[in-house]
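Since the structure comes first, as structure tokens, the remarks are kept for the end.
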Amino acid sequence: MNRICAARPLVLALVTGLLISSAAGGPVAAQGAPMPRIASSHGRYELLVAGKPYLVLGAQVNNSSNYPAMLPAVWPALGQMHANTVVMPVAWEQIEPQEGVFDFSFLDLFLAQAREHGLRAVLLWFGTWKNGSPAYTPEWVKLDNDRFPRVLNPQGKRMPSLSPLAPATLAADRAAFVALMRHLKAADPQHTVIMVQVENETGTYGSARDYSPQAQRLFDGPVPRQLTRALRTHRGTWREVFGPQADEFFHAWYIGRFVQQVAAAGKAVYPLPLYVNAALRDPLHPGPPTTYESGGPADDALTVWKAAAPAIDVIAPDIYLPDYARYTKVLDLYQRPDNALFVAETGSKQPYARYLFAVLGHQGIGFAPFGVDFSGYSNFPLGARVVDGKTLAPFALEYGLIAPMAPELAQMSFAGNLIGVSEDSAVHVQTIPLGRWRAVVSYGLPMFGNSTPPGNPVPEGGALVGRLGTDEFLVTGMHARVAFALADASGGRQAQYARVEEGSYGNGQWRARRVWNGDQVDWGLNFTSIPQVLHVRLATY
Ligand code: DGJ
């Protein structure tokens with residue numbers, strides 16, 4: 001049939017009239033291409049790239065793939081995954097091997113090749129903290145523990161982390177980050193780079209905080225007024241105000257203040273959206289801070305971090321928790337009225353793929369599986385045992401499905417009209433309330449007939465429902481059945497499909513390819529691994 005319907009103005013109308021504010025600085029770059037920025041309204045967020053809503057369908061390369069020799073192993077993996085954004089580290093040791101002498105040759109090559117491949121990019125600043133350690137700092141930093149002191153544990157033993165309290169460390173990191181942002185501003189007028197992560201998984205393993213004499217003096221003093229005001233709490237020493245959480249929050253505050261000063265200085269030069277990523281604590285049964293990376297933006301420390309680092313636009317979780325309860329709990333914890341959800345890292349193995357639907361349903365601005373390149377390295381058991389085309393296939397299917405209509409989905413999300421669910425291995429039916437209607441999503445059923453949903457043999461399903469009007473919905477998914485019913489069936493009326501069109505969105509226009517009817521709708525709308533998007537109009541009889 002292949003016809004173009006009259007434009008359904010699903011997009012612009014949804015956001016017209018909303019108050020949009022920029023969380024990321026000036027909207028227009030000197031060269032005229034609009035700066036990437038994060039807009040917020042009513043506690044919801046959207047990332048704007050080239051002035052248009054953007055979803056990061058990302059892929060993060062392995063930790064040591066930030067060298068020219070590795071790029072040929074990066075691009076085919078990104079291509080097979082249908083990713084639109086490459087997430088690439090920039091290491092301090094790489095750009096400033098000698099103090100004050102900078103080398104941006106890798107960055108320039110990377111930008112040129114990313115553009116050739118039609119990709120946007122996110123850069124990761126591997127500076128003072130990389131998983132809590134200074135491993136990526138230049139040797140002139142990591143070998144000089146007098147000038148750049150380490151955290152001391154309660155017994156006075158040096159920990160791997162650098163102390164956030166050392167002015168020399170802050171000054172050196174800040175200078176390098178500013179040099180990076182200055183170079184980027186000059187080298188990237190087309191804004192290939194859309195966001196920058198400041199540091200990587202900050203915090204300290206093995207000690208709740210720095211116990212050096214200098215740290216102890218501060219710890220025994222009053223909590224800074226800026227923090228007590230932000231938390232609307234009484235004044236006092238750290239222990240008096242925060243009790244058992246005092247050590248962790250003290251460390252979080254001073255790391256957050258360090259990151260704030262690095263981020264603010266970089267942003268003053270080039271105001272890209274900036275974020276930090278979080279090594280998580282167990283979201284359901286957290287232990288004491290010595291069992292996770294203390295001082296980073298763990299879920300309990302988010303408010304401390306928000307107060308400490310206002311130049312950071314987003315605090316993004318790294319989710320390596322494959323079970324449904326934990327994964328979705330983390331989404332709940334990091335989607336906040338004061339924080340856009342961005343899954344900065346997640347596992348590359350199959351169970352993680354389906355969570356893209358839940359991330360979009362939590363108003364996420366993006367998602368990036370980690371370790372995506374064909375360098376031969378794999379971070380199994382966190383990620384897949386082998387990273388190849390077969391591993392990436394479930395992600396590729398979803399990215400292929402979402403990418404063509406990503407701006408429309410992002411706009412629906414920003415307007416609060418996008419709902420997404422991922423398969424729970426323990427519960428095989430999920431209900432989505434939709435005003436007068438409800439959508440019932442079930443897993444593991446054949447495409448024909450009704451029975452009790454058994455769940456898919458491995459959890460791999462998910463669905464997205466976008467509200468286009470009272471009775472009109474965009475519906476898509478993978479390995480799931482979506483059926484509609486009246487929310488309240490007590491009035492004697494029953495639901496029917498007025499029309500179900502299969503087609504695609506592009507530039508705000510719906511293009512119908514065919515009408516689904518008969519077997520294709522009698523048992524609900526069945527989604528498999530074939531990317532299919534439906535425009536559904538409901539009615540009653
Ligand atoms: C989280 C870190 O942020 C990544 O850089 C990487 O080390 C993974 N953990 C593990 O592969």
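As a summary of the residue check, Asn379 satisfies the conditions (1) within 13 Å of the ligand (Cβ to nearest atom); (2) touching a residue at least 60 places away in the same chain (Cβ under 8 Å); (3) not in a loop (DSSP other than H, G, I, E, B) except for the one numbered (3).
Among the residues of the range 255-273, at least one is more than 27 Å from Arg147 (Cα to Cα), assigned by TED's automatic domain parsing to the domain that holds Glu139, crowded, with 19+ Cβ neighbours inside 10 Å and touching an Asp or Glu at 6+ places or on another chain (Cβ under 6 Å). Looking across the range 154-172 at every residue that is touching a residue at least 24 places away in the same chain (Cβ under 8 Å) and touching a Leu at 6+ places or on another chain (Cβ under 9 Å), the one that is farthest from Ala311 (Cα to Cα) is identified as Met159.
Within the range 270-283, the residues that satisfy the criterion of being more than 13 Å from the ligand (Cβ to nearest atom) and under 18 Å from Asp313 (Cβ atoms) are Tyr270, Pro271, Leu272, Pro273, Leu274. Of the residues in the range 354-372, how many are under 12 Å from the mean Cα position of the chain (by Cα) and either β-branched (Val, Ile, Thr) or within 16 Å of the ligand (Cβ to nearest atom) (or both)? The number of residues fulfilling the criteria is 7. Scanning the range 346-373 for residues that are outside any loop (DSSP other than H, G, I, E, B) and not aromatic (Phe, Trp, Tyr) turns up Thr346, Gln350, Pro351, Ala353, Leu356, Ala358, Val359, Leu360, Gly361, Gly366, Ala368, Pro369. Taking the range 56-108 as the range and being closer than 18 Å to Ala393 by Cα, touching a helix residue (DSSP H, G or I) at 6+ places or on another chain (Cβ under 8 Å) and within 16 Å of the ligand (Cβ to nearest atom) as the test, the residues that pass are Ala59, Val61, Ala77, Val86.
Does Ile419 satisfy the criteria of being more than 18 Å from Asn84 (Cβ to Cβ), touching a residue at least 12 places away in the same chain (Cβ under 8 Å) and touching a helix residue (DSSP H, G or I) at 6+ places or on another chain (Cβ under 8 Å)? Against the criterion (more than 18 Å from Asn84 (Cβ to Cβ), touching a residue at least 12 places away in the same chain (Cβ under 8 Å) and touching a helix residue (DSSP H, G or I) at 6+ places or on another chain (Cβ under 8 Å)), Ile419 qualifies. Of all residues in the range 284-325, those satisfying the criterion of being within 16 Å of the ligand (Cβ to nearest atom), closer than 21 Å to Leu356 by Cβ and not aromatic (Phe, Trp, Tyr) are Val314, Ile315, Ala316, Pro317, Asp318, Ile319, Leu321, Pro322.
The values are calculated or read from the model by the stated rules, or taken from the named source; none is laboratory data. Nothing here was measured: the structure is a model prediction, and the numbers come from that model. Cβ coordinates were reconstructed from backbone atoms using ideal geometry, including for glycine residues, and neighbour counts include every protein chain displayed.
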